[in-house]
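Worksheet for the structure shown next.
The values are calculated or read from the model by the stated rules, or taken from the named source; none is laboratory data. Everything numeric here is computed off the predicted structure, so don't read it as measured data. Virtual Cβ from ideal backbone geometry, glycine too; neighbours counted across all protein chains shown. For the accessible areas, the whole protein counts, side chains as well, though only heavy atoms, and no ligand, DNA or RNA atoms are used. Shrake-Rupley method; radii C 1.70, N 1.55, O 1.52, S 1.80 Å.
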Amino acid sequence: MIYIFHGPDDFTRNERIAELRAGFADPAVADLNTVSLEGQRVTLSDIRHHADAMPFMAERRLVLVNGYLARLKGKEELTQLIDYVPHLPPTTDLV
């Protein structure tokens, strides 16, 4: 599943992400299956590396990427991201 939160309302966005985290997995393994990436430094390869990993002792993985879409510089990067979306594992929630 892919979630895209966009806009100036940081409070609502952060609240929704907190809800996703809270309802995501057993708290004992939630940290093992959650990764936060900073979009200003991350590459699509980094995102794919974390999103394609299998969940550890849980049904799902949560990959949070902050600011990646805002910094996409060219059509090529956007096209590569769009091409990857259908291949996102069903066990991964990408935010």
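Among the residues of the stretch 52-76, just one is open to solvent by 40 Å² or more (accessible area, probe 1.4 Å), hydrophobic (A, V, I, L, M, F, W, C) and modelled with pLDDT of 90 or more, namely 54. Residues in the stretch 19-37 that are closer than 17 Å to residue 67 by Cα and of a type outside the set (Ser, Thr, Tyr): 35, 37. When the stretch 55-81 is filtered for residues that are under 14 Å from the mean Cα position of the chain (by Cα) and not polar (S, T, N, Q), the ones remaining, listed by number, are 55, 60, 61, 62, 63, 64, 65, 67, 68, 69, 81. Here the stretch 77-90 is the region considered, the condition is being under 15 Å from residue 1 (Cβ atoms) and in contact with a helix residue (DSSP H, G or I) (Cβ under 9 Å, 6 or more places away or on another chain), and the residue that is surrounded by the fewest Cβ atoms within 10 Å (Cβ to Cβ) is 87. Residues of the stretch 52-95 that are among the basic types (Lys, Arg) and part of a loop (DSSP other than H, G, I, E, B): 60, 73.
Output the residues belonging to the stretch 1-51 that are assigned to a loop (DSSP other than H, G, I, E, B), surrounded by 10 or more Cβ atoms within 10 Å (Cβ to Cβ) and either at pLDDT below 90 or within 11 Å of the chain's Cα centre (by Cα) (or both). Result: 1, 3, 5, 9, 24, 25, 26, 39, 40, 41.
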